[in-house]
1. Angle between the Cα long axis of helix C:291-319 and the longest principal axis of chain C, 0 to 90 degrees, nearest 10?
2. Once both axes come from the Cα atoms, what is the angle between helix A:125-138 and the longest principal axis of chain A, in degrees from 0 to 90, rounded to 10?
3. Could you tell me the relative contact order of region C:3-75? Use alpha-carbon pairs under 8 Å, at least six residues apart, and round to a whole percent.
4. Just C:199, C:253, C:76 to compare: in a GNM of chain C, with alpha carbon springs under 10 Å, which one fluctuates most?
5. Pairs of Cα atoms under 8 Å, at least six residues apart: use those to get the relative contact order of region A:139-214, whole percent.
6. Please compute the contact order of chain A in relative form: average sequence separation of alpha-carbon pairs under 8 Å and at least six residues apart, divided by the residue count, as a percent.
7. Please list, in order along region A:35-41, the HN-Hα scalar couplings obtained from phi with the Karplus expression 6.51 cos²θ - 1.76 cosθ + 1.60 (θ = phi - 60°), rounded to whole Hz, x for Gly and Pro.
8. Taking the Cα-to-Cβ direction at residue A:250 and at residue A:154 and moving 7 Å from each Cα, how far apart do the two end points lie in nm?
Amino acid sequence: MTLLQVNNLSIAYQTRTGTALAVDDVSFALDKGKSLGIVGESGCGKTTIGMGLLRLLPDNALIKQGAVLFKGSDILEFSTAALQDLRWKKISMIFQAAMNAWNPVQRVGDQIIEAIRIHDPGISRDKAKLEVEKLYEMVDIPTNRIFDYPHEYSGGMKQRAIIAMALSCRPDLIIADEPSTALDVIVQDQIIKKIKAIQKKFNIAIIFISHDIGVVADVCHDIMVMYKGRIVETGKREEVFVEPVHPYTKSLLSSYLTLDGVLEFQNESAPKSCLTSTDQAPGTCGFLPNCPQAEPSCASEAPQWQAISETHKALCRFCK
Amino acid sequence: MSKETRSQKSYTWQRFLEGWSLFYENLVGRIGLILLLVFGLMAVCSYIPPLIDPMYHPMTGVDPDVFRSTPPSAAHWLGTDNIGRDLLSQLLTGARIAFLVGISAAFMSIVFGTLIGMIAGYAGRLTDSLLMRFADMIMVMPSLLVVLLLSSLFGQLNIWIIVLLIALFRWPGISRVIRAQTLSLKERPFIDTARVAGASNLRIIFRHILPNVLPMALLYMTFRVTSAIIVEAALAFLGFGDPNTVSWGMMLQWVWKTGHMFQAPYWLLPPGICISLITLAFYMIGRAMEEVLDPRLRKEEQKV
Amino acid sequence: MSLQKLIIRRSLEILVIFFVILSGLFLLFHLAPGDPVSRMVDPTMTPEDAELLVSQLGLDQPLWLQYVYYVKNFFTGNFGVSFHYGRPVVEVIGERLPNTILLFTSSVILSALAGIFWGKMVAWHKGKPVDTWVTIISLVCHTLFLPWIALLFIWIFAYKIGGFPLNGMISPELWMDPDSGIFLKTLDIMHHMLLPLLTLFIIHVGSYLLIMRSSMLETLSEDYILTARAKGLNEKQIRNRHAGPNASLPVVTSVGLSLAFSINGGALTETVFTWPGIGRELIFAVSNNDYPLALASFLFISIVVLIANLVVDVLYAFLDPRIRY
């Protein structure tokens, strides 16, 4: 059953100099209880998609086109009240910077209780506190720390508490935006394991956003690779991770493996950090300047979607 | 070498132009600048009336036909005070005094503040904590009242002593900011490089740290001008100004003490408006500069 | 650090600062040209009285012993006799101090609260005309010359419009009347206090408002505001529960930093409105070379500022748990 269906979503930012397209014609679908990974370097628009789904974009962002169908109704058409109802209750988030995601002058427990009670005012504070205790046990934080302040938590604890809060309303979908990036490797591992376990246990759908293809491959059923606002390759975990076809995915993977010491870095043209720019000629391949397989025709002709299998697709004219 | 300095110069120039255009885009900054120009013009014009006729001298010029405060007339555009002195020429001279006091006191206080801030930040440890404690202490002192007390102990103060005293009580705010900047500069690699290259502490402070903290010091100078003008005006208002000059605060004191405040609005209003507006002008310029210097305050150029 | 520890530490620091001020004044009194004795003893006193006072104040002792006397006299409340009033200084101070504290604290608290409240509102309407106008008006208020605005208020409200007392703190005829109860008397004081309070309020509220506005704007871009929004809170809840409390912290800091400025303004306001406070007494004493009164007034004003500083620090620690622990 399809939980979330995104159709032709485009999001642009207005800057002093003009508008910049951050998400360009993105479509994907997510089934209930499944997990989808969005991979790409910083600035490729993956966070913008995550924020766009809950309409949490900054004021200068503009959703130019598309539809975000959640259980069949379009979130982009929601009224403010309906949107506030949807947030956290149906779709919650795990944030990138757990350090700053907590209000520093309120106790952590109170902030979680607030999330519970805002969506169900009928629950008493004491009952909500019991709920928080259960959540804390689930994410392995001692329950006597519930009413501590955020600065008294370690980085990993803050992130686990965020996970607890994300679960507090039993949502159908959690958007996890780089949930482990700011943490050290061991804590990172714990967090990833926790997310995996919780996903299995509650059968919650997850959109997992990361720049680290290895982490994404560890957690997700499906992987979507983004470059300069576009999806360039999408498919099942095994397909994308083991048999990548798009040159960008290949270079991402090769740099990942190099860090693990398995493969030598092959092409010199490692992808540079990208920002979707306004001067990009419409239609042509964004990866062209860094592409080892580029041919002259790439500069003039638009890339085409190539189906490698029923689930595996890539946006490149030369992928088989 | 010379090429390098030239390119550095043009870079500085370019940054200045960029800052200027940002400043000029700012409504608050523009209003401030226009106001300041008006006051500058007033200060320049203050030399004219005594040349026309000695009776327009702000202190000693008395209109022989006037025996009490008179409202505006053809001979005295803003009227006269109770002994027949021209209010307009007093007002114009007041602008000159305000600039003199404001800018010189502010300049001195940023010199003190920047030096102490750089030394505290660069030296660290005991020097730092002693200097900052000292700054804290001065910061809690009500400067106007201290200067009053001093003037009662040491007798009548002339304008330069007043300027110096204002500067002496107004550096701590600046030194805190400069110290914080110095602390962060100290961690930058180029300071280490200079130290390894054998530069002395003095050289590092003046050649490498000073140029980097200077913009912030200048910004604070505009705010200090404001407070210096206010303190001087308040002192003069209470009767502790320099008796050899006319200042706006003194004009207010005269209208208040001679009991003309209900009868002579033409005398009560102009000096107060001038003090308020000139401080406003400097304050507005300071705020606009702050927005230019502190990118965080700029209108969001959102990250994608 | 616990709250108690913080209070103890700050109190000790304040005590040290006070001692430095106390000693600094002693030094100034002896460095200034002229005879320290003649500064403390009213020239119109009889020689016997003068001699008694000199020995009481220890002015006939060597310098270091004079200092000891000076400190001891401060703590025993012996500040000499006011030249003008011909009464012990401590009595005069005792009468004036509460009036100053009343005006000072109510003006600081009111303007800070109003600044926080309005600043929050204005930040919410950033970029709209109301934002621009309130910003400019606040700037104007902040830079108004206080004695002038005080004179202007007296001229407009008390003289032109009427209905407000021209000066003082009480109406003597009302207080003489044995029939007027405590309620009427309180009302009378409030009536007299309105214009001085308004003057101080207008001077202070603008800067607090501007600080709150910019701090609110900065806070609104924090990640935890995004969290609150993602949680499904509406804008009002975000503003009042999450952004507001965090954004008001810099205002509290600024209240602490501007206390000295506030007491300057308080003294000017007291003088223009002839509010019988300690600041007016200081200015009056300085103008009339009433040194014992000037010295003691200054010391007590310093104490008021220092204690207010302590209160602000404790308040800050109370509002921000990161300081407290």
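1. Helix C:291-319 sits at roughly 30 degrees to that axis.
2. Once rounded, one gets 50 degrees.
3. 21 percent.
4. In the Gaussian network model the winner is C:76.
5. Contact order relative to length: 34 percent.
6. Values: 593 pairs, mean separation 67.5, N = 320.
Reported relative contact order: 21 percent.
7. Couplings: 10, 10, x, 10, 10, x, 6 Hz.
8. Reported label-point gap for residue A:250 and residue A:154 is 4.3 nm.
The values are calculated or read from the model by the stated rules, or taken from the named source; none is laboratory data. Since we're looking at a predicted model, the values are computed, not measured. For neighbour counting, all protein chains shown are included, and Cβ atoms are generated from backbone atoms with ideal geometry for every residue, glycine included. Just so you know, the surface numbers come from the protein's heavy atoms only, side chains and all, with ligands and any DNA or RNA stripped out. Shrake-Rupley method; radii C 1.70, N 1.55, O 1.52, S 1.80 Å.
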